[in-house]
Amino acid sequence: QSGQTQKDDNAEVFDALIVGGGFNGVYQLHRLRQEGFKVRLFEAGADLGGVWYWNCYPGARVDSHVPIYEFSIEELWRDWNWTERFPAWDELCRYFHYVDKKLDLSRDIRFGTRVSAAEFDEARDQWVIRTTDGTVVRARFFILCTGFASKPYIPNYKGLESFAGESFHTGLWPQEGASFTGKRVGVVGTGASGVQVVQEASKDAAHLTVFQRTPILALPMQQRKLDVETQQRMKAGYPEIFRIRRETFGGFDILRDERSALEVPPEERCALYEKLWQKGGFHYWIGGFADILTNEDANRTMYDFWRDKTRARIKNPALADKLAPMEPPHPFGVKRPSLEQWYYEAFNQDNVSLVDVRETPIVEIVPEGVRTADGLVEVDMLVLATGFDAVTGGLTQIDIRGTGGVTLKEKWTEGARTYLGFATSGFPNMLFLYGPQSPAGFSNGPTSAELQGEWVVDCLKHMRENNKGRIEATAQAEEEWTQFLSAIADMTLFPKADSWYMGANIPGKPRQLLNFPGVPMYMDRCNAAAAKDYEGFVLD
Ligand code: N01
């Protein structure tokens, strides 16, 4: 007992301990340090980048166009240029190195350090934080920037461990890389990760088998090379773009048409859809009509346009029925569309085949490959693009104990409950970013990192200025926030799909809308609470 306590008592004390070195963690470290706080960041990976460090599979690239997916700090964007409109993971990792160098971050980061447990010490209003290598530190504030996709989900297939070939989850891709060339490759899952892997594997694999459960409603990326001169010209408009991204629904620079899709004549409607299609990226998803995510008839117009465009690219009608069915598998856009470049054409190739696992389920994995209800599919490499225990998994996989010793995982057994998507009662001085009941997956990452990030920085400054050592969300404020989000969810079509947005991709996970739809409304609420002396929190 005393050995442990002794060690904890002597642990180094920080104002804030940040977990995670992606966009959110980096922003917190930079800004809190600027404000004079003593801060340290622990990152499990060997480098910065968060999801871009871990998801280094061939073809991984961002779905947000330049310059949406970068910090709006002028000192950073002024001298940085991308090579493509939608940059790949390795370019994003280079961007993180650039940011590190410019802001001199690494001196306060410990890499290869995974936080395994944290316990609130009520006597000192501090968190005692432990890592897997036995390090213990104390911090007044415990700031979790674990992202929405840090806990990979691997289905519990019978015999998976017996597979004799190479097998990787996209989110745990080997840092040294792995090649598809000349191999028989199987890819399970057709979400954003699956689409990107399939495209690359279709080029090099001897044969590629795609195991699809639900068709992805993927949109044309309209990728382009970007040169420096073009970007120098574009930069004149960056301040305005960054202003707009703070004020739009998804943190992009895309404005939607405020009319109902149903009040617009069909030709005009199609003309808008065509225009958005040609712009590429998420324009077709978030630049449409105001009621696309709330009215099923309006939504259907968007599905039908997508379906007709997509089917025209697929030669085999039976395959077209699988990839872009006549009837929607779920409303358009309530599962995250992904961006593609030659995904549908890949299925026209002789070396690519599709298995519909709803029709022909995977029975087991054997050393030679995947046994389905229809027989054995032999593969040399098995790629699990099966997603993540999204939004909550990165938090609940840490053994976090609040007041009374209850763990966060226990507290959220029936579903995540937060106040403002920042905090949860019983866990004082713990704030999370890009977490449950905040915009997270509904917002462009860097937009959210800055907006939520400034709120946290202001909160810590407010505490310091007012000599407060402890902040905790009240149970009542948390209940009201949870009810509020649930009422919003009921007004949308999101509950109509089994998506990670709903927690519905993980067997047994409570079904709830995990993200708050609408960055501006969300930030208004957060800022209003802060302006009223942090209404809904108790400060001591
Ligand atoms: O994961 P997903 P992801 N048997 O959960 C299937 C971001 N991201 O890693 O749809 C068979 O979306 C599952 O099927 P179904 C982005 O926000 C961004 O692809 O549940 N199949 C689905 O097809 C994205 O939304 C980028 O029926 C099974 C797939 O696996 C989020 O990360 C790139 C199965 C999982 O799709 C997650 O994307 C990559 C089973 N037992 C990711 N279990 C970019 O910015 C699951 N599936 C480009």
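Could you give the angle, 0 to 90 degrees to the nearest 10, between helix 296-311's Cα long axis and the longest principal axis of the Cα atoms of the chain? With rounding to tens, the tilt is 50 degrees.
At a Förster distance of 30 Å, what's the computed FRET efficiency of Asp227 paired with Ala271, Cβ-Cβ distance as r, to 0.05?
Numbers: r = 31 Å, r/R0 = 1.04.
Calculated transfer efficiency: 0.45.
Could you calculate the contour length gain from Ile244 to Thr135, that is, 0.36 nm times the residue separation minus the distance between their Cα atoms, to one decimal place in nm?
Separation in residues times 0.36 nm, less the Cα-Cα distance, equals 35.0 nm.
Given R₀ = 35 Å, what would the calculated FRET efficiency be for Glu176 paired with Arg511, taking r from the Cβ atoms and rounding to 0.05? Computed FRET efficiency for Glu176 and Arg511: 0.35.
In the stretch 154-243, the portion of solvent-accessible area held by carbon and sulfur atoms comes to 53 percent [1.4 Å probe, whole percent, DNA, RNA and ligands not counted].
With bins 10 Å wide beginning at 0, the percent of Cα pairs of the stretch 183-274 falling in each bin runs 12, 23, 28, 27, 10, 0. Straightening the chain between Met491 and Gln278 buys 73.7 nm, computed as 0.36 nm per residue apart minus the Cα-Cα spacing. Inverting the pair-averaged 1/r between distinct Cα atoms of the stretch 471-540 gives 13.6 Å as its Kirkwood hydrodynamic radius. For Thr360 and Gln34, a Förster radius of 45 Å and the Cβ-Cβ distance give a FRET efficiency of 0.20, rounded to the nearest 0.05. Expressed to the nearest 5 percent, the antiparallel share of DSSP beta bridges inside the chain is 40 percent.
In the assembled protein chains, Phe14 presents an accessible area of approximately 10 Å² (probe radius 1.4 Å).
Straight-line cross-link reach from Lys409 at under 24 Å between alpha-carbon atoms covers these lysines, not counting any fewer than eight positions away in the same chain: Lys151, Lys509.
What's the angle, to the nearest 10 degrees (0 to 90), between helix 519-531's Cα axis and the longest principal axis of the chain? For 519-531 against the chain, the angle is about 10 degrees. If you roll a 1.4 angstrom probe over the protein chains with everything in place, what fraction of the accessible area of the stretch 450-540 belongs to carbon and sulfur, to the nearest %? About 49 percent, which is the carbon plus sulfur part of the accessible surface.
Please compute the per residue accessible area over the stretch 317-374 with all protein chains in place, 1.4 Å probe, rounded to a whole number of Å².
43
Could you tell me which residue out of Leu92, Thr392, Ile216 lies farthest along the dipole of the chain toward its positive end? Charges go on the beta carbon: Lys and Arg +1, Asp and Glu -1, centred on the Cα centre. Final value for the positive-end residue is Leu92.
As an equivalent ellipsoid, the stretch 313-386 spans semi-axes of 24, 16, 14 angstrom, where each value is the square root of five times an eigenvalue of the C-alpha gyration tensor, largest first.
Got a sec? What order do His207, His97 fall in by accessible area at 1.4 Å, biggest, i.e. largest, first?
Details: His207 60, His97 85 Å².
The residues order as His97, His207, largest area first.
Dipole check for the chain: with +1 at the C-beta of Lys and Arg, -1 at the C-beta of Asp and Glu, and the Cα centre as origin, the magnitude is about 360 Debye. Once Rh for the stretch 391-540 is found with the Kirkwood sum over Cα pairs, what is the Stokes-Einstein diffusion coefficient at 37 °C and 0.692 mPa s, in µm²/s? Estimated diffusion coefficient is 209 µm²/s. The modelled label-to-label distance between Asn10 and Val406, using points 7 Å beyond Cα along the C-beta direction, is 3.6 nm. Relative intensity of the stretch 142-220 on a log10 scale, I(q)/I(0) at q = 0.26 Å⁻¹, equals -1.51, per a Debye sum over C-alpha point scatterers of equal strength in the absence of solvent. Exposure check, 1.4 Å probe, all protein chains in place: Glu35 carries approximately 50 Å² of accessible surface. The charge dipole of the stretch 339-453, taken about the Cα centre with unit charges on the Cβ atoms of Lys, Arg (+1) and Asp, Glu (-1), comes to about 960 debye, rounded to the nearest 20. A 1.4 Å probe run over the stretch 157-313, with the rest of the protein chains in place, finds 44 Å² accessible per residue.
Run the dipole for the stretch 195-256 about the Cα centre, Lys and Arg Cβ at +1, Asp and Glu Cβ at -1, nothing else charged, and hand back the magnitude in debye, nearest 20. Mind showing how you got there, number by number?
Working: 10 positive and 7 negative charges, 38 e Å.
Magnitude of the dipole: close to 180 debye.
Pairwise Cα separations in the stretch 198-248 fall into 5 Å bins from 0 onward with the following percentages, short to long: 4, 12, 11, 13, 16, 10, 10, 12, 9, 1. In units of the compact-protein estimate 2.2 N^0.38 Å, the stretch 1-134 shows a Cα radius of gyration of 1.22.
Over the stretch 292-427, the hull volume per residue, using the convex hull of the C-alpha atoms, is 190 Å³. Label point 7 Å out from Arg259 along Cα-to-Cβ: which residues of the stretch 307-340 have amide N under 20 Å? Counting backbone N atoms under 20 Å from the label point, the list is empty.
Taking every protein chain into account, the accessible area of the stretch 1-118 amounts to 37 square angstrom per residue (probe 1.4 Å). Compared with the dominant principal axis of the Cα atoms in the chain, helix 192-204 is inclined by about 50°.
When you work out D = kT/(6 pi eta Rh) for the chain at 20 °C and 1.002 mPa s, using the Kirkwood radius from C-alpha pairs as Rh and the Stokes-Einstein form, the result is 88 µm²/s.
Have a look at Asn81, Gly445, Gln34 and report the one farthest towards the positive end of the charge dipole of the chain, computed about the Cα centre with Cβ charges (Lys/Arg +1, Asp/Glu -1). Of the listed residues, the answer is Asn81.
Computing Rg and the Kirkwood Rh from the Cα coordinates of the stretch 356-397 gives a ratio, Rg/Rh, of 1.15. The ratio of the alpha-carbon radius of gyration of the stretch 6-74 to the globular-protein estimate 2.2 N^0.38 Å is 1.41.
The values are calculated or read from the model by the stated rules, or taken from the named source; none is laboratory data. In this text the structure is predicted, and so the values were computed from the model without any measurement. Note: ideal-geometry Cβ built from the backbone for every residue, glycine included; neighbour counts use all protein chains shown. Areas reflect the complete protein model, heavy atoms only, side chains present, ligands, DNA and RNA absent. Shrake-Rupley method; radii C 1.70, N 1.55, O 1.52, S 1.80 Å.
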